Amino acid sequence: MQIRLERLSNDRHRLIVRRAGLPDVERELETRSVLLHDLVHFAVELEAGLSDGFWGTLAAGASFDELQHDASSQASVMRAERLVAPMQSVWNGRLPAARYVEMLRGEMPFVTADFVDRVLARIRRLWGHWQGTPFHEAMELVWPGHDSGAG
């Protein structure tokens, strides 16, 4: 799956998801709160190997509306959200990494200090890529599986 994040202005971006054999999905979004959250989802889900989180569910064929209204996809996406929301707080310096591990490790044993370090390193690369993306151009990402082989 190809993910395009087009930088429209300081405040807006367009998310375009291209999937082989499936219709593209796209949305224009507010950048300040949504973009970082989506990039943290990307980093967390890749590092955790989650194939059924937000990005994996889109890759499997869901639309944005189905992600919001379909209970079967919501359960897996909510599991990813349990990892993403506090990771955003770690990234922003509002939650210590050790506390993140303590909160989630019992429920998800792969959550270790190494996992947090890998996610934060990936977020740094993604955020730097976005910061270097000129207006009216796009940052492109690849989600592995389904119709692509790289990440």
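Bear in mind these aren't lab numbers, they're just calculated from the coordinates by the rules spelled out. All values reported here derive from a predicted model rather than from experimental measurement. Positions of Cβ are generated from backbone atoms using ideal geometry, with glycine treated the same way; all protein chains shown enter the neighbour counts.
Here are the numbers for this structure:
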| quantity | calculated |
| --- | --- |
| Part-to-part distance (alpha-carbon centres) for segment 11-70 and segment 92-115, which is given in Å | 23 Å |
| Charge dipole (debye, nearest 20) of the chain; +1 at Cβ of Lys and Arg, -1 at Cβ of Asp and Glu | 460 debye |
| Diffusion constant of segment 28-106 at 25 °C, which comes from Stokes-Einstein with the Kirkwood Cα-pair radius and 0.890 mPa s, µm²/s | 186 µm²/s |
| Value of [θ]222 nm, deg cm²/dmol, for the chain, DSSP H segments ≥ 4, -39500 (n - 2.57) each, nearest 500 | -16500 deg cm²/dmol |
| Positive dipole terminus of the chain, leading residue within M78, V25, Q68 (C-beta point charges) | M78 |
| Cα point-scatterer Debye curve for the chain, base-10 log of I(q)/I(0) at q = 0.21 Å⁻¹ | -1.46 |
| About the Cα centre, charge dipole magnitude for segment 65-116 (Lys/Arg +1, Asp/Glu -1 at Cβ), debye | 320 debye |
